[in-house]
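Working notes, beginning with the structure itself.
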Amino acid sequence: MILVKDNVPPLTPEEYFTWEEQQLEKHELINGRVYAMSGGSVNHSRIAVRLTTLFANHLEGSGCETGNSDLRVNIAETNNCIYPDISVTCDDRDKTATEYITYPCLIVEVLSKSTEAYDRGRKFRMYRQNPALIDYLLVSSTSIEMDLYHKNEAGSWLIINYQAGDTVELKSINLSFPIEQVYRGLDLTLETTT
């Protein structure tokens, strides 16, 4: 994520939506400032596509919708808009949304070296402001590993680490799957050498 310094003044959400339509790349809006989004690796893309497909197939006919990295998430009660790799909303308030959703129950970020600290720290602190969020899944693109931040019924966040041989459980969408299903056929050594 890189702050755009090309004389772009702080923007309101309306100005941001108009401005971004004219850009060649995606930008997040945080506290009125725009930040360019970087692209991902081949494994990053393949993992995101597999998870998006898995969720969409599982949720078909349920009233829940899966969004890919083109769908913005508005941080509740702020003007901040962020692009997660994957989001799922089951909230009726998001059904008529046109620019962004606000009440996802599940957000997924596929980690890269350049964004991992942001995804685990500041970005997660922003996402936690969304009252409907139950699961925040961080997915490694360099090893068979996922970290799930799950909000329990008491409102506390628990961290569950999944590794090879584990079954990932996403209570937010009532889905369990073997972790290897996401990583099948990927050469993870390519990611660690680049």
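The values are calculated or read from the model by the stated rules, or taken from the named source; none is laboratory data. Just so we're clear, the structure is a prediction, and the values are computed from it rather than from any experiment. Neighbour counts run over all protein chains shown; Cβ positions are idealised from the backbone, glycine included. Surface accessibility is based on the protein's heavy atoms, side chains included, excluding ligands, DNA and RNA. Shrake-Rupley method; radii C 1.70, N 1.55, O 1.52, S 1.80 Å.
For the reader, a short list of remarks on this structure follows.
- Pairs of Cα atoms farther than 15 Å apart, segment 119-194, %: 60
- Segment 24-77 pair-distance distribution - Cα-Cα, 10 Å bins, rounded %: 19, 39, 32, 9
- For segment 82-139: relative contact order, % (alpha-carbon pairs under 8 angstrom, 6 or more apart): 38
- In this label model, Val8 and Ile159 are separated by 3.1 nm, measuring between points 7 Å along each Cα→Cβ vector.
- Cysteines of the chain lacking any other cysteine Cβ under 4.7 Å from their own Cβ: Cys81, Cys105.
- Using alpha-carbon coordinates, inclination of helix 42-59 to the longest axis of the chain, degrees: 80
- Sorting 127-135, 80-88, 57-65 by average packing, meaning the other beta carbons within 10 Å per residue, from highest down gives 80-88, 127-135, 57-65.
- Cα shape, the chain, gyration tensor, a/c 1.5 rule: oblate
- Over segment 92-156, the reciprocal of the mean inverse Cα-Cα separation, the Kirkwood hydrodynamic radius, stands at 12.9 Å.
- For the chain, accessible area per residue (1.4 Å probe, heavy atoms of protein chains only), Å²: 52
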